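One structure is given here, and the rest of the page talks about it.
The values are calculated or read from the model by the stated rules, or taken from the named source; none is laboratory data. These figures come from a predicted structure and were not determined experimentally. Here the Cβ positions follow ideal geometry from the backbone for every residue, glycine too, while neighbour counts run over all protein chains shown. All accessible areas refer to the heavy atoms of the entire protein, side chains included, with ligands and DNA or RNA removed. Shrake-Rupley method; radii C 1.70, N 1.55, O 1.52, S 1.80 Å.
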Amino acid sequence: MENSRSILDEINETDQPAADQIIADQPIQSRGMDLSFLKASTGSGPIEDYLDHPLNFNKGKGMAQMIRGATGLLGSLDLAIIDIFVGLLQFTKEKKVAQGVS
Amino acid sequence: MLVNLGSGHNTVIGITRSGKTYAIKKTLAGVKEGVIFFNTQHEEMPNTFINCTAADNIESIKRAIRSGAKINYIPDLDSKIREKELIFIINALYQRSNISKIYLVVDEVHLYEKDALKKLIQVSTTGLRFGIYGIWISQRPANVDNTLMTQSEQFIIFRTNMESGYFDRYGIPADQIKDLLEKGGKYAYCIYDFINITGPFKV
């Protein structure tokens, strides 16, 4: 059956932003994940402030920098998930010591 | 004598009342191919042209053009809507199943920008393969997109204000044309195909 709509009808029906404009306007997304955290600012203060952080188990600058970045993303880091992750690392370390691995 | 439209796109330039639109209208009224005249300024057209607007159906227009009809398409006066209509029509011309030669005329082509201009550039660079022969009419050639100008097979030049800057840009011998047009008198025109100038002529 031939299309009997007017030109104006068809223009109004397809009057949507161009595909590239839709993509440009959307927040950064990838496969349904929100990647806006990539734009988060890092934690406050110099790296040296994080040398004595409870999570800085080797008191190193590298660890201090990572903790500062994590603070910017996650806040004060008193999160359950942090406890679980660090606890797992500690557990692994203790196990190796118990097994005599240096 | 009707204007020789050559075998490619044309750019027609001339000031208001130089006779450029009249010459093209009269020439196209006599061709055997279908014509769609995108009538930006709502000019009066010969009786042989069929008036159409956005209230019409595009398939009917395409059928008519296929059989050699001359369509006077009268777009909306709102420039944004007008541009959408132009884009829609050009897309429809590309989607014809029968790629017979047709003329797409756009009056005051310098008024079209952004997406509409991109569509015109598409016609100027690929339209011939799809049977779309563009005729770009303008009284402001300095504002016509460079691609539209350079992809034209020829310029049909009526009386202009002779801004030598843009004539030089395209290698158009301004002084020679000026002399020929003066010799030809009112409504005279010349044709420049990037190699030779012919004229003056009159319709």
request  = Just give me the residues in the range B:77-99 being β-branched (Val, Ile, Thr) and open to solvent by 80 Å² or more (accessible area, probe 1.4 Å), in sequence order.
outcome  = B:ILE99
request  = Can you tell me which residue among B:LEU104, B:LEU111 is away from chain A (no Cβ under 14 Å), surrounded by fewer than 19 Cβ atoms within 10 Å (Cβ to Cβ) and in contact (Cβ under 8 Å) with a residue 60 or more places away in the chain?
outcome  = B:LEU111
Qualifying residue in the range A:10-24 (condition: modelled with pLDDT under 60 and β-branched (Val, Ile, Thr)) = yes
message = Tell me whether the range B:33-41 contains one or more residues that are open to solvent by 10 Å² or more (accessible area, probe 1.4 Å) and of a type in the set (Val, Ile, Thr).
response = no
task = Select from the range B:32-52 the residues that are within 24 Å of B:PHE130 (Cβ to Cβ), within 14 Å of another protein chain (Cβ to nearest Cβ) and over 13 Å from the mean Cα position of the chain (by Cα) and list them in ascending order.
result = B:CYS52
ask   = Limited to the range B:23-58, what total is found for residues that are of a type in the set (Asp, Glu) and at pLDDT 95 or above?
value = 2
ask   = Say we look at the range B:153-183 and pick out the residues that are polar (S, T, N, Q) and closer than 12 Å to B:ILE13 by Cα; which of these is modelled with the highest pLDDT?
value = B:GLN154
task = Go through (1) touching a helix residue (DSSP H, G or I) at 6+ places or on another chain (Cβ under 8 Å); (2) farther than 24 Å from B:TYR166 by Cβ and name the single condition B:ILE121 misses.
result = (2)
When residues of the range B:83-113 are limited to those that are in a helix (DSSP H, G or I) and of a type in the set (Asp, Glu), the one farthest from B:ILE58 (Cα to Cα) = B:GLU83
key: Qualifying helices (runs of 4 or more DSSP H) (wholly inside the range B:114-203; at least 3 residues being farther than 24 Å from B:ASN39 by Cβ and open to solvent by 10 Å² or more (accessible area, probe 1.4 Å))   = B:164-169, B:174-184
Test: B:ILE71 is crowded, with 17+ Cβ neighbours inside 10 Å, closer than 18 Å to B:ILE102 by Cβ, in contact with a Phe, Trp or Tyr (Cβ under 7 Å, 6 or more places away or on another chain) and β-branched (Val, Ile, Thr) = yes
query = Looking at (1) farther than 30 Å from B:ALA174 by Cβ; (2) in contact with a Leu (Cβ under 7 Å, 6 or more places away or on another chain); (3) β-branched (Val, Ile, Thr), which is the one condition that is false for B:THR40?
reply = (1)
task = Run down B:GLU85, B:GLU59 and say which single residue is in contact with a Phe, Trp or Tyr (Cβ under 9 Å, 6 or more places away or on another chain), at the interface with another protein chain (Cβ under 10 Å from one of its Cβ atoms) and charged (D, E, K, R).
result = B:GLU85
Boolean, B:ILE90 is within 14 Å of another protein chain (Cβ to nearest Cβ) and either in contact with a Ser or Thr (Cβ under 6 Å, 6 or more places away or on another chain) or on the phi > 0 side of the Ramachandran plot (or both) = no
Top-ranked residue of the range B:7-22 - restricted to ones that are crowded, with 24+ Cβ neighbours inside 10 Å and aliphatic (A, V, I, L, M), ranked as farthest from B:GLN139 (Cα to Cα) = B:VAL12
remark   = The lone condition B:ALA55 fails out of (1) open to solvent by 60 Å² or more (accessible area, probe 1.4 Å); (2) among the small types (Gly, Ala, Ser); (3) assigned to a helix (DSSP H, G or I) is (3)
note = The correct count of residues that are in contact (Cβ under 8 Å) with a residue 60 or more places away in the chain, among the charged types (D, E, K, R) and over 13 Å from B:TRP136 (Cα atoms) in the range B:16-31 is 1
